[in-house]
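The values are calculated or read from the model by the stated rules, or taken from the named source; none is laboratory data. All values derive from a computational prediction rather than experimental measurement. Positions of Cβ are generated from backbone atoms using ideal geometry, with glycine treated the same way; all protein chains shown enter the neighbour counts.
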Amino acid sequence: MKAVFPGSFDPITSGHMDVLTRASRIFDSVTVTVMHNARKQGRHLFTLDERLDILRTATGHLENVGVDSFGGLLVDYMAQEQKGIILRGLRAVSDYEYELQIAHLNRQLGEVETVFIMAATRWSFVSSSMVREIASYGGDIREMVPRASADALRVKYADVYEERERASTPTPD
Ligand code: PNS
């Protein structure tokens, strides 16, 4: 059985990686698909190409995992690619209502089933938006994201991280 793990992945987090790793042991193959909308391009920190690069690096060790992108309705992608199941992660009860709505809409629109995998509790509070917020202040996000995301965030906010490091380095007397 094939699965598609759709999302914005701006950038991929350790919670996403946890869900993806668990799914790769269950499904024959999993495609991580960045869903993008040309009209919403400016709303992301990372460009589509940057997100795809990060994803390819972060998932390179998972043999049955591929990376793709699509700019349209998820149900159209599922039909076009004949991919089977939509995979989504759940962190906490707060995710459930939103995910339930999307899952029902996708089933109504395209008769596609959604399977949920629970992320480990240690990732309950980690989201791409929180990681972006912390990184924008030069905070330590290395535990919360895979190395590829951490490196890319570090480059994006190089000036903030350098300033923070300068401020915390003791000056010689
Ligand atoms: O990572 P996110 O932002 O929670 O992912 C949401 C996503 C991209 C899976 C969802 O917005 C989506 O499927 N977008 C594609 C357009 C679509 O099919 N919309 C109808 C279902 S909400």
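Here are the numbers:
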| read-out | value |
| --- | --- |
| Residue selected from region 150-166 under the condition part of a helix (DSSP H, G or I) and surrounded by 17 or more Cβ atoms within 10 Å (Cβ to Cβ), by the criterion farthest from the chain's Cα centre (by Cα) | Tyr161 |
| Lone unmet requirement of (1) assigned to a loop (DSSP other than H, G, I, E, B); (2) under 26 Å from Ala58 (Cα atoms); (3) in contact (Cβ under 8 Å) with a residue 12 or more places away in the chain for Asp140 | (3) |
| Single unsatisfied condition, Ile86 versus (1) surrounded by 12 or more Cβ atoms within 10 Å (Cβ to Cβ); (2) modelled with pLDDT under 95; (3) not polar (S, T, N, Q) | (2) |
| The one condition in (1) of a type outside the set (A, V, I, L, M); (2) surrounded by fewer than 16 Cβ atoms within 10 Å (Cβ to Cβ); (3) within 18 Å of the chain's Cα centre (by Cα); (4) closer than 25 Å to Ser29 by Cα that Glu81 fails to fulfil | (3) |
| Complete set of residues in region 116-133 that are among the β-branched types (Val, Ile, Thr), in a helix (DSSP H, G or I) and within 14 Å of the chain's Cα centre (by Cα) | Val131 |
| Members of region 114-149 that are exposed (fewer than 13 other Cβ atoms within 10 Å of the Cβ) and within 14 Å of the ligand (Cβ to nearest atom) | Ser129 |
| Members of region 53-105 found to be among the aromatic types (Phe, Trp, Tyr) and under 23 Å from Ser124 (Cα atoms), listed by number | Tyr96, Tyr98 |
